[in-house]
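I have placed the structure first, in the form of structure tokens, so that the comments after it can refer back to it.
Just so it is clear, none of the values below were taken in a lab; they were calculated from the coordinates. For clarity, every value in this text was computed on a predicted model and none was experimentally measured. Positions of Cβ are backbone-derived with ideal geometry, glycine not excepted, and every protein chain shown enters the neighbour counts.
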Amino acid sequence: MCKIISIANQKGGVGKTTTTLNLGVALALQGKSVLLIDLDPQANLSKYAGFCNDDMPTMSDMLMGQVGMSNRVNIKDCIRYSDENGIDYIPSDINLANADLYLAGVLSRETLLKRILNNDTIKAYDYVIIDCNPSLGVLLMNALTASNGIIIPVQTQDFAFDGLTTLTNIIEQIQSTINSELEIIGVLATMIDNTNASKRVIEKLGEKYGEKLFATVIHRATQAVESTNKHKSLCLFSKSKLGDEYRALADEVADKL
């Protein structure tokens, strides 16, 4: 059965995109079929995966086609196949930034992505992982409504908790209204260093989220930048500590779902 996971936190710079790609590749290395969806107008996941502008449709084209603002698109035509990283993905583009505008008058707009993903092509995957944009708008609502679970990356620095209460309130609202299956799979501590601030944040996360805090943590390392520049997952680098951490995260996620 296909599991749909959103990687979300309205705070930017917490490692959402890095987590999406590397968790996806780590699951693929376990023999699972994985589709990544870039739901962020900045399209960082698309760039990380090696996407180059082509004539094939993107996630923006898919959404606009569903609401009659462009020709309808078959989701199969949106999927790109990454030989480098061993995962499939649907890219984004800057036009997705207008989603709040072009979906404003759409009936049941928060369920649009769920309806799109209710498709045999999508159901054939073991995992679909959505890289969410850093906001609390209609795109995030769509992602959470379509998902079985959410992973919340939290950078272990001061102000790490900014907005988390608002996000968890939205999750609870969606659980009680339109998606009772949605669960917090876990909170992921990212960009850890040897500072007291990192240690403090991890302690507070443990107090607040208990068993929902992943045992796996992701450290800060320059190799993450190299990975992005090469459009290659950390899991595919030899002797990569970060790659080992994402593989451990994949084990935890597989156990929880």
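So the values come out like this:
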{"read-out": "Euclidean distance between Cα centres, segment 216-233 to segment 148-167, Å", "value": "20"}
{"read-out": "Taking MET141, MET1 and counting other C-beta atoms within 10 Å, the order from fewest to most", "value": "MET1, MET141"}
{"read-out": "For ILE174, net neighbour charge (Lys/Arg +1, Asp/Glu -1) across residues whose Cβ lies under 15 Å away", "value": "-2"}
{"read-out": "Cα centre as origin, Lys/Arg/Asp/Glu Cβ charges: the chain dipole, Debye", "value": "200"}
{"read-out": "Relative contact order computed over segment 3-256 (Cα-Cα under 8 Å; 6+ residues apart), in percent", "value": "26"}
{"read-out": "Backbone HN-Hα couplings from phi across segment 240-257 [Karplus 6.51/-1.76/1.60, Hz, Gly and Pro as x]", "value": "9, 4, 5, x, 4, 5, 6, 5, 5, 4, 4, 4, 5, 4, 4, 5, 7, 9"}
{"read-out": "Charge dipole (debye, nearest 20) of segment 1-141; +1 at Cβ of Lys and Arg, -1 at Cβ of Asp and Glu", "value": "460"}
{"read-out": "Listed residues ASP93, ASP77, ASP40, most fluctuating in the chain (Gaussian network, C-alpha, under 10 Å)", "value": "ASP77"}
{"read-out": "Beta bridge orientation in the chain: antiparallel %, DSSP, nearest 5", "value": "10"}
{"read-out": "Local electrostatic count at ASP93 - Lys and Arg +1, Asp and Glu -1, tallied over other residues with Cβ under 12 Å", "value": "-3"}
{"read-out": "Sum of side-chain charges, SER33 neighbourhood, beta-carbon under 10 Å (Lys, Arg +1; Asp, Glu -1)", "value": "-1"}
{"read-out": "Candidates ILE116, ILE87, ILE130: whichever shows maximal mean-square fluctuation once the chain is modelled as a Gaussian network with Cα springs under 10 Å", "value": "ILE116"}
